[in-house]
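Novice: Mind having a look at this structure? Questions to follow.
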Amino acid sequence: MFCFYVVTWNVTCTYSQFLARKNPSCCVSLSSFYNETITSCPTCACGCQNKKNCVKSDSKFLNTPGAHTPKRDNDPLLQCTHHMCPIRVHWHVKLNYKDYWRVKIAITNFNYRMNYTLWTLAVQHPNLNNITQVFSFDYRPILPYVSINDTGMFYGMKFYNDLLMEAGPSGNVQSEVLLRKDQDTFTFKQGWAFPRKVYFNGEECMLPPPDTYPFLPNAAPVKLLNLTSLIFFLILLLVA
């Protein structure tokens, strides 16, 4: 007598950036109108294994024939930077109005051998449900949950900026975004004005540590008031 056993199983495949790529392929830098400090991308955000083969922006090698030709193995030719990322996304809090605030988004390509065709930028931010106008990009909200609208996708306008050119003077695209304030939750404090997560072409970009974000300056009138009170108190002591 022979017995046969049949075993079945289900396999679920998911994408993991940490398994597919050792290092991120993009990073995020931050700045704001209320602070002179620019929070740059973390050092070696995308790994520094290409540091020996990077080239400076004024290198004569870039003028040699074939320097910009893509390789079969997609080996990048990166501009020398402290972060060594092919892509940098810069988020700048530009203006503050009574009922609105304005952000400038700039995407820069540091790879001399890569043009990004039909690029996409996904951003997670709690105020994206109040977008009023996007000036130089196309925009579409992403609604994984009907009740939550905090994620949106930016992409280039056809025949205008849907091609992100290789590194160099033309290797960047930028737009400004106007957002309406939610008076119940709006604040510039504690990094609220900056994105929670950023993805370029579906891959998550490395953000700076939260404690390095541009912070609001202390209120000058409060300091002045305290100083005036102290001087007045000292005068009273001298008179007495």
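The values are calculated or read from the model by the stated rules, or taken from the named source; none is laboratory data. Treat the numbers as computed from the prediction; the structure is a model and nothing was measured. Note: ideal-geometry Cβ built from the backbone for every residue, glycine included; neighbour counts use all protein chains shown.
Novice: Working carefully through the options Y145, Y112, Y100, find the one that is surrounded by 21 or more Cβ atoms within 10 Å (Cβ to Cβ), of a type outside the set (A, V, I, L, M), at negative phi and at pLDDT below 95.
Specialist: Numbers: Y145 fails: surrounded by 21 or more Cβ atoms within 10 Å (Cβ to Cβ); Y100 fails: surrounded by 21 or more Cβ atoms within 10 Å (Cβ to Cβ).
Answer to the check: Y112.
Novice: What do you reckon, is T120 over 17 Å from the mean Cα position of the chain (by Cα) and touching a residue at least 40 places away in the same chain (Cβ under 8 Å)? I'd like the intermediate steps shown before the answer.
Specialist: On the way: over 17 Å from the mean Cα position of the chain (by Cα): no; touching a residue at least 40 places away in the same chain (Cβ under 8 Å): yes.
Against the criterion (over 17 Å from the mean Cα position of the chain (by Cα) and touching a residue at least 40 places away in the same chain (Cβ under 8 Å)), T120 does not qualify.
Novice: Sort out which residues of region 117-128 are closer than 21 Å to L77 by Cα and at pLDDT 95 or above, and write them in order of number.
Specialist: W119
Novice: Out of region 36-74, which residues are in contact with a helix residue (DSSP H, G or I) (Cβ under 7 Å, 6 or more places away or on another chain) and either polar (S, T, N, Q) or over 22 Å from N115 (Cα atoms) (or both)?
Specialist: Of the residues in region 36-74, the ones in contact with a helix residue (DSSP H, G or I) (Cβ under 7 Å, 6 or more places away or on another chain) are 39, 55, 67.
Within region 36-74, just T39 meets the criteria.
Novice: Separate question: Confirm whether L95 is closer than 16 Å to Y199 by Cβ and either in a strand (DSSP E or B) or at pLDDT 95 or above (or both). First the steps, then the outcome.
Specialist: On the way: closer than 16 Å to Y199 by Cβ: no; either in a strand (DSSP E or B) or at pLDDT 95 or above (or both): yes.
Against the criterion (closer than 16 Å to Y199 by Cβ and either in a strand (DSSP E or B) or at pLDDT 95 or above (or both)), L95 does not qualify.
Novice: Please verify whether L121 is among the hydrophobic types (A, V, I, L, M, F, W, C) and over 28 Å from S59 (Cβ atoms), treating the condition exactly as stated. Can you show your working first?
Specialist: Values: among the hydrophobic types (A, V, I, L, M, F, W, C): yes; over 28 Å from S59 (Cβ atoms): yes.
So L121 passes the test.
Novice: Still on this structure, I have one more. Test each condition in (1) under 23 Å from F194 (Cβ atoms); (2) surrounded by 13 or more Cβ atoms within 10 Å (Cβ to Cβ) for R140 and report the one that comes out false.
Specialist: Failing condition for R140: (2).
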